[in-house]
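Please read the structure below before turning to the comments.
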Amino acid sequence: MVRLASASVALTLLASSCSLGTDAIPGVLADTQVMNDATSDMGASDATRPDTPATDSGSPDAVGTDATHADTGVGDSGALDASLDADTGFCDPSATSLRLCVRFEDSFVDESLAPHTLRESGLRYADGRVGRAGEFDASVAAWIAQDGDLTGEPMTVELFLMPAELPSSGRVGVWDIGGQHSAWIRPGAEFACRSIAVSDVLTVGTWTHIACVFDGDASRVYVDGSPVATGVSSPGTAAAGDIRLGADNPDGDHFVGRIDELRIFRGARTAAEIAAAAAR
C-alpha cells in the first residue's frame with residue numbers, strides 16, 4: 001500500500017490526473033478476492049428483528065427525501081471538482097456529482113445539493129480524522145433515506161474508518177444498500193467493497209481512508225489513496241429502501257468504531273481525486 005505524504009503531493013497528482021480506468025492501476029493487484037455473488041453481501045432480512053422505534057425500521061419513512069437530485073447530466077458524467085477536497089468545499093452543495101456528504105460535526109446531517117433525510121438512534125460523537133466523527137457500536141442505528149439516487153453506476157463511496165475492534169469471525173457492516181454496493185469488514189482486517197476484498201488494511205485505533213469505485217465495468221478498492229484491488233462486481237438489483245450505516249440492513253453485524261467524512265458521488269472519482277481526499 002502506498003500512502004501519500006502530504007496534501008500537496010495529492011493536489012499535484014490531481015492536476016495531472018486522467019480518468020480512472022483499469023490501466024490506471026499499475027502492476028498486478030494483490031489480495032484481490034472474488035467472493036460470493038450479490039446474495040452473500042445483502043445481509044439476511046431478519047423478520048424477527050427486536051422491537052425498535054419505527055424510525056429505525058429500515059423502511060423509507062413518511063418524510064422521505066424532501067428534495068431530489070435533478071438529473072442534469074452533469075452529476076452523472078464523472079467530471080468532479082477539485083475544490084471538493086479543500087476544507088471549505090468538502091460538502092460543496094453546488095457539486096451535482098456529490099449526492100451525499102456527512103461530516104459528523106456533532107450532528108448527523110447531509111450537506112449535499114439535495115439533502116437526504118438521515119435518522120439515528122444512539123449515535124455519539126468523538127474526535128475524528130478531520131474535526132469530529134460518528135461513534136458506532138451495537139446500540140447505534142443510523143439510516144440514510146434515499147429514493148434510488150444512491151444506487152446504480154457509476155458511483156463512488158468514500159469515508160474514513162477507525163475500528164475499535166475487528167471481527168474474528170463472520171463480518172460487520174460498514175454500509176449496506178440492500179442488493180447493491182454494500183461494504184463489510186471480515187476477519188484478517190479485510191475490507192470488502194461488495195465482492196472485491198483486500199486483507200490486512202485496517203488497524204484497531206488507526207484512521208484509514210477507504211474508497212470504493214464502481215464505474216460500470218469494474219469495481220476498485222482504494223486504501224489511503226492508493227489502488228489496491230480491482231475486479232468485476234455486479235451491482236445487483238437496484239434497491240429502493242434506506243441505507244444502513246455501521247451495520248447490516250436491517251440489523252446486526254454492527255461496526256464498532258468511528259466513521260468520518262462519508263461521501264457518495266454519482267460518478268467514478270479519479271485516482272488523484274481519491275488521493276486528495278485521503279490526504280486531508
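The values are calculated or read from the model by the stated rules, or taken from the named source; none is laboratory data. The structure displayed is predicted, hence computed values, not measured ones. Cβ placement follows ideal geometry from the backbone for every residue including glycine, while neighbour counts extend to all protein chains displayed.
Descriptive notes on the structure:
- Hits in region 199-218 - residues which are within 24 Å of ALA133 (Cα to Cα) and crowded, with 23+ Cβ neighbours inside 10 Å: HIS209, ILE210, ALA211, CYS212, VAL213
- Unique residue being within 25 Å of PHE191 (Cα to Cα), at pLDDT 95 or above, buried (at least 20 other Cβ atoms within 10 Å of the Cβ) and of a type outside the set (Lys, Arg) when the list is LEU161, LEU150, LEU166, LEU98: LEU161
- For beta carbons closer than 8 Å, sequence separation of 6+ or different chains, a first residue in region 266-280 that is closer than 12 Å to SER226 by Cβ and a second that is assigned to a helix (DSSP H, G or I) and among the hydroxyl-bearing types (Ser, Thr, Tyr), the qualifying pairs are ALA272/SER16.
- Leading residue by the ranking (modelled with the lowest pLDDT) among those in region 190-208 that are among the hydroxyl-bearing types (Ser, Thr, Tyr) and assigned to a loop (DSSP other than H, G, I, E, B): SER195
- All positions within region 148-189 that are touching a Lys or Arg at 6+ places or on another chain (Cβ under 7 Å), free of Cβ contacts under 8 Å to residues at least 40 places away in the same chain and part of a loop (DSSP other than H, G, I, E, B): PRO167
- Tally, over region 138-153, of residues that are under 14 Å from the mean Cα position of the chain (by Cα) and under 12 Å from LEU98 (Cα atoms): 1
- Looking across ALA133, ALA138, one residue alone is of a type in the set (A, V, I, L, M), part of a loop (DSSP other than H, G, I, E, B) and at pLDDT 95 or above. It is ALA138.
- Residue tally, condition surrounded by fewer than 15 Cβ atoms within 10 Å (Cβ to Cβ) and either in contact with a helix residue (DSSP H, G or I) (Cβ under 8 Å, 6 or more places away or on another chain) or among the aliphatic types (A, V, I, L, M) (or both), over region 115-136: 2
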